[in-house]
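Just so it is clear, none of the values below were taken in a lab; they were calculated from the coordinates. This structure is a prediction, so every number in the text was calculated from the model and none was measured. All Cβ positions, even for glycine, are placed from backbone atoms using ideal geometry, and neighbour counts span all protein chains on display.
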Amino acid sequence: MTNHINKFLLISIDSWRYDALSRTNPLLNTPKFDLLTRDFMLAERFFVTAPATRPSHTSLFTGLYPFEHGLYGQTYLKMFAGIPNLFQLFADAGYHVMGRSERHDVFRFLDCDPFITPLDERAKDQHLASLENVVEWIAHPAATRQFCFLHFWHTHGSYGLGGIRSAPNLEKWVNEGRTEEVLRFYYAAVTHVLEFAIVEILKRVPLDEWAVFIFADHGEGLCEEVMAHGTTLHQNVLHVPLLVHIPGRSGLKLPDGPISMIDLFPTIANLGNVSVDYQGY
């Protein structure tokens, strides 16, 4: 591919539902994030391959469905042998590769594990981590070919309620029909990540150089049919946001039809002119 991209930023927001975005839900108050991503393309019908973190991310990194890469569920430890992944492919192609996660141990034993470290090595609790080292890495000289993956966990599980005195039992509230109150806590966690973490990164990224993909590994139930994720194939869990910016591709539009997590692997490899014998669906 001519005029290939030299810089990639992939941002995964754990448990990010499709309705936890101001473009799809006016209740989300994220003016800084909205301003920075106003020209990003939104995939209206983006779906993940699994309702859990490990198999879904592995589909991202390999372009394969769980039955192809070997992680049929969250408790499966290792991938099938000999499967290329984005980190190794881009490293072999001469890119400077970095992965950072607020919960890096969730990638343990996967082939990508050596590439993913804590968001901040100095922080005991990653939700208190500094973004300085990430920003410094992004600010490498313009000639550097870079591939960066970031994973934010604050939107997962307790949605930032851990340690708060008298925190409510959210599942009990959902069962009592108080779903709207529960969603306020969840949306607050999403707002925190979008407006106070990702904004600080995006405002330092030269968008004329960097291709940026912002997405979720899965959503969250938070309804009467399913409370969380990991076990049930539910709309709230499988349908997630995907925001895309590709420099130098004026007039480019995302397909109107469904887009799968597995589609990102060959797309990103192609944009980076990274050779791979892709055999997935």
Handout entry: Anisotropy class of the range 143-188 from Cα gyration tensor, a/c 1.5 cut
Key = prolate
Handout entry: Gain upon complete extension [ALA139, ARG178; 0.36 nm per residue less C-alpha separation]
Key = 9.5 nm
Completion exercise
Around PRO31 (Cβ within 11 Å, Cβ-to-Cβ, excluding PRO31; K/R +1, D/E -1) the net charge comes to 0
Fill in the blank from the handout: Per the 1/(1 + (r/R0)^6) rule, R0 = 45 Å and r from the Cβ atoms of ASP105 and ASP256, FRET efficiency to 0.05 is 0.70
Completion exercise
Stokes-Einstein, Kirkwood over Cα pairs, the range 103-213, 4 °C, 1.567 mPa s; D in µm²/s equals 79 µm²/s
Problem - Partner lysines for LYS203 [C-alpha distance under 21 Å; skip if fewer than 8 residues away on the same chain] - result: LYS7, LYS32
Exercise for the section: With a 10 Å radius around each residue's Cβ, average the other Cβ atoms per peptide and rank 10-19, 242-251, highest first. Expected result: 10-19, 242-251
Problem - Hits among aspartates and glutamates - C-alpha to C-alpha of LYS124 under 12 Å, sequence gap 8 or more where chains match - result: GLU102
Completion exercise
Classified through the alpha carbon gyration tensor (a ≥ b ≥ c as square roots of its eigenvalues; rounded if a/c is under 1.5, else prolate when a/b is larger than b/c, else oblate), the range 73-159 comes out oblate
Completion exercise
Gyration tensor (Cα only) of the chain to equivalent ellipsoid, semi-axes in Å sorted down, yields 29, 21, 19
Problem - 0 to 90° range, to nearest 10: angle between helix 53-62 axis and the chain longest Cα axis - result: 20 degrees
Handout entry: Centroid-to-centroid separation of the range 1-48 and the range 150-201 [C-alpha atoms, Å]
Key = 19 Å
Handout entry: Environment charge of GLU102, counting only residues whose C-beta is closer than 13 Å and scoring Lys/Arg +1, Asp/Glu -1
Key = -3
Exercise for the section: Would you kindly state how much longer the chain becomes between ALA91 and ARG165 on full extension, computed as 0.36 nm times their sequence separation minus their alpha carbon distance, in nm to one decimal? Expected result: 22.1 nm
Exercise for the section: Please say if the range 169-281 is rounded, prolate or oblate, where rounded means a/c under 1.5 for a ≥ b ≥ c the square roots of the C-alpha gyration tensor eigenvalues, and otherwise the choice is prolate for a/b larger than b/c and oblate otherwise? Expected result: oblate
Handout entry: Cross-link partners of LYS253 among aspartates and glutamates (Cα-Cα below 17 Å; sequence separation of 8 or more within a chain)
Key = ASP39, GLU44, ASP263
Exercise for the section: Specify the angular offset, from 0 to 90 degrees and rounded to the nearest 10, of the alpha carbon long axis of helix 179-193 from the longest principal axis of the alpha carbons in the chain. Expected result: 30 degrees
